[in-house]
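Every number in this text was worked out from the coordinates using simple rules, so none of it is lab data. None of the values given here were measured: they were computed from a predicted structure. Here the Cβ is made from the backbone with ideal geometry for all residues, glycine too, and neighbour counts use every protein chain on show.
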Amino acid sequence: MPPIRLVHVTDTHLSATHDFFADNWAAFAAEMAAAPPDLLVHGGDLSFNGPVAEGDLAFGAAALARLGLPCRVIAGNHDVGEAPAFSRLDQPVNAARLAAWRRHVGPSWWLQDLGAWRLVGLDTALMGSGLAEEAEQAEFLAGALAGREGRPVMVFVHMPPFDGDVADAGFSTSVIPHGPRAALLDTCAAGGVKVIACGHLHVYRRLRHRGMEIVWAPPTAMVDVQRQLARRRRFPRPGYVEWLLEGRRARHRLVEPPRMFVIDMSGWTSVHGGTTTTLPPRGAGKAPQES
């Protein structure tokens, strides 16, 4: 029996009005058309600035739909905002932003059984938010793991659980906050999770923790070349991660399509507030070509 092919793409930052990354999305769409996966999982930051531009959510959802693929999506901070105490962009997640996500894209959390595996998608913006949905999502995860009937589990989150030190309790907008991080990792390690797939930091990376493989997918949007060369000694490139599920075994490979451009916005962000959301509009409101 051939392996099940799953593609994990993340941090696409799509928009009709701020279409800086349309060419890379078109290259990704062409790759999916040439070799359609059994399932596509979008790992968050579908939109450029969804918390304040609901049209970006609608645009991103339409771009996904045009691929014509079975698809699951989780939200990122550029889609629904951030936990209020950890809001670098001053866009705290709230009921209205969660409702917009559900209206245009889908549920905040989900599960799907695929072959021998159980896949679970979670919204990291809820972790540490104090919203009622935070407890509901934690209860959902516990139930999804308790009812897995021996299946290995792959969990998709937008923000990585941690970067260097899992015990680091310092303030961070780059990883899941320390309190909910510990609870998540304890639940996952005890509940049959074998893979945690994440994104958010716009770089490919892999590590192991308590028997779980944690794999960061690269973006299709911008990268920070200087920062990643200094931190990882690796030139960052856009792309995606392809997973092959063979029975209870999962293996992955990094894909860096040659048609994707390396786009580095760090010059702008260093001068204009450290965030791409300050970029001026660019685009005529047309969908990017996908061939």
| Points 7 angstrom from Cα along the Cβ direction at Met1 and Leu244: gap in nanometres? | 1.7 nm
| Under Karplus coefficients 6.51, -1.76 and 1.60, residue-wise ³J(HN,Hα) of segment 58-71 in Hz, glycine/proline x | 5, 5, x, 4, 5, 5, 5, 4, 5, 5, x, 10, x, 8
| segment 55-160: GluC sites (Glu not before Pro) falling in loop per DSSP and having at most 16 other Cβ within 10 Å | Glu149
| Once phi is turned into ³J(HN,Hα) by the Karplus curve 6.51 cos²θ - 1.76 cosθ + 1.60 with θ = phi - 60°, what whole-Hz value does each residue of segment 230-236 show in order, with x for glycine and proline? | 6, 8, 10, 6, 9, 6, x
| Where is the GNM fluctuation largest for the chain (alpha-carbon springs, 10 angstrom cutoff): Leu279, Leu14, Leu244? | Leu279
| request: Towards the positive end of the charge dipole of segment 4-275, with charges on Cβ (+1 Lys, Arg; -1 Asp, Glu), say which of Leu40, Ile4, Ser87 has the farthest Cα. | output: Ile4
| message | I'd like the antiparallel share, as a percent to the nearest 5, of DSSP beta bridges with both residues in the chain. | response | 50 percent
| Cα centroid distance between segment 189-220 and segment 1-75, in Å? | 19 Å
| remark: Sparse-neighbourhood loop hits (chymotrypsin sites (Phe, Trp or Tyr not before Pro), segment 213-260; DSSP loop; Cβ within 10 Å at most 10 others) -> none
| query | How far apart, in nm, are two points set 7 Å out from the Cα along the Cα-to-Cβ line at Arg253 and at Asp168? | reply | 3.2 nm
| Net lengthening on full extension, Thr17/Ala182 (0.36 nm per residue, minus Cα-Cα) | 55.5 nm
| field | Total charge dipole magnitude, segment 157-229, about the Cα centre, Cβ charges on Lys, Arg, Asp, Glu only, Debye to nearest 20 | value | 200 debye
| Non-local amide H neighbours of Ala250 (under 5 Å, H modeled in plane, Pro and chain starts lacking H): which ones? | none
| If you take the square roots of the eigenvalues of the alpha-carbon gyration tensor of segment 158-268 and sort them as a ≥ b ≥ c, do you get rounded (a/c under 1.5), prolate (a/b over b/c) or oblate? | oblate
| request: For segment 92-128 and segment 137-172, write down the distance between their C-alpha centroids in whole Å. | output: 13 Å
| Farthest toward the dipole's positive end in segment 4-275, which of Trp25, Pro238, His158, given Cβ charges of +1 (Lys, Arg) and -1 (Asp, Glu) about the Cα centre? | Pro238
| note | the chain, Gaussian network, Cα under 10 Å: of Ile196, Ile263, Ile176, the residue fluctuating most is Ile263
| Debye, to nearest 20: dipole size of the chain, +1 on Lys, Arg Cβ, -1 on Asp, Glu Cβ | 860 debye
| task | Please go through segment 77-115 and write out the trypsin sites (Lys or Arg not before Pro) that DSSP classes as loop and that have at most 13 other C-beta atoms within 10 Å. | result | Arg88
| query | Along the Cα-to-C-beta direction of Arg102, a point sits 7 Å from the Cα; which residues of segment 118-148 have their amide N less than 20 Å from that point? | reply | 120-144
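Taking 0.36 nm per residue of sequence separation and subtracting the Cα-Cα distance, how much length would be gained by fully extending the chain between Asn94 and His209, in nm to one decimal?
38.2 nm
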| said: Give me a comma-separated list of calculated 3J(HN,Hα) values for segment 134-141, in order, Karplus coefficients 6.51, -1.76, 1.60 applied at θ = phi - 60°, integers in Hz, x for any Gly or Pro. | reply: 4, 5, 5, 5, 4, 5, 4, 4
| field | Within a Gaussian network of the chain (alpha carbon springs, distance under 10 Å), most fluctuating of Val193, Val271, Val52 | value | Val271
| query | For segment 4-275, what's the relative contact order in percent, using C-alpha pairs closer than 8 Å and at least 6 residues apart? | reply | 20 percent
